[in-house]
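Student: This is the structure I want to talk about, given as structure tokens.
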């Protein structure tokens, strides 16, 4: 009896490392299975504290993690005298710090953020540079509308749009934490590095969205509130989900980018007209050469995170689409002169600018290398502001109308106000 008890104790001692391995495996499985369970994961035991370590286990396994999974399976079938050593090797691998973890500190151990630190984190969540570009295109749409410009309308449209964009970018980062932690260019985002909790970021994203919609509804018009809210849902919901499902995410993302100038136009005119649709079409088309060139040099990152991008799944289509939409910018810009929004000199100036973008896109289509992709991406950054300046410079003056003004009842001799309806 005593000998049997002793033998059982020996077996338990030998199995202890394997039990630890199983616990680590369960933890990894939970991390991969539920990306939002940070509150639960915080209470599970782990070999090394800090959010960066367990966040890196979310999403598809890296080759090294795959090897570790296979090693665990093999260890369970090893002889008992060899299993503890294999388990110890796996535990040492699990305890190794992640490459990008740096000096990450657990959220529970981090000192509370002060006001300045909170503002800095909120700025990062909003993707300030990207948000600034979106707000600029909204202002562009308002400036091109054939109305008398109102400083208060421009201000509230800009502020409301900025809050909606902040909401969309924050919710996107909140949803993509598991995958951002696997990409080099996104491992330093606030939620990934543990600067702010996912729940805090979610509250900030929802709050800014509500504030933005409220401002647009009360200070501009309800149509802008619907457009801003719809665009936030489209970006944070459909686009974010489609990135891991289908290459159609690029077209959905381009629709998101096309809405802000249309919002600016609607803020001025109160309705959707041909001029606003042309501006939206230009922003829609511009994003393909811009993003396809950007994603070309990030193929490794996107592939590692499991994103379905053209540059990863169909490189030839990626180059061809960039060229097609670059060429599409030429007739779209000429269309602004055709509907009377700009003078005909815009057709000349914009064709030169769009022609050079198309040439860079053709180089990218022909060569399909990192150098041509980088050239196209860098020129696309210059191209959009330059095209906006050309539109503003060539805008036809004297078409301004006051939104909501009663029709002139002076009789047949009075000329109708010029309109840009299709």
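Student: Volume per residue, Å³, of the convex hull around the alpha-carbon atoms of region 232-280?
Tutor: It comes to 64 Å³ per residue, whole-number rounded.
Student: Could you order peptides 240-252, 285-297 by the average number of other Cβ atoms within 10 Å of their residues, highest first?
Tutor: Packing proxy ranking, top to bottom: 285-297, 240-252.
Student: OK, next. For region 236-283 and region 299-341, compute the distance between their C-alpha centroids and round to whole Å.
Tutor: Cα centres, region 236-283 to region 299-341: 14 Å.
Student: If you count, for each residue, the other Cβ atoms within 10 Å and average over each peptide, how do 194-203, 208-217 line up from highest to lowest?
Tutor: Output ranking for 194-203, 208-217: 208-217, 194-203.
Taken together, the values in this text are just the output of simple stated rules run on the coordinates, not laboratory data. These figures come from a predicted structure and were not determined experimentally. Cβ atoms come from the backbone with ideal geometry, glycine included; neighbour counts cover every protein chain shown.
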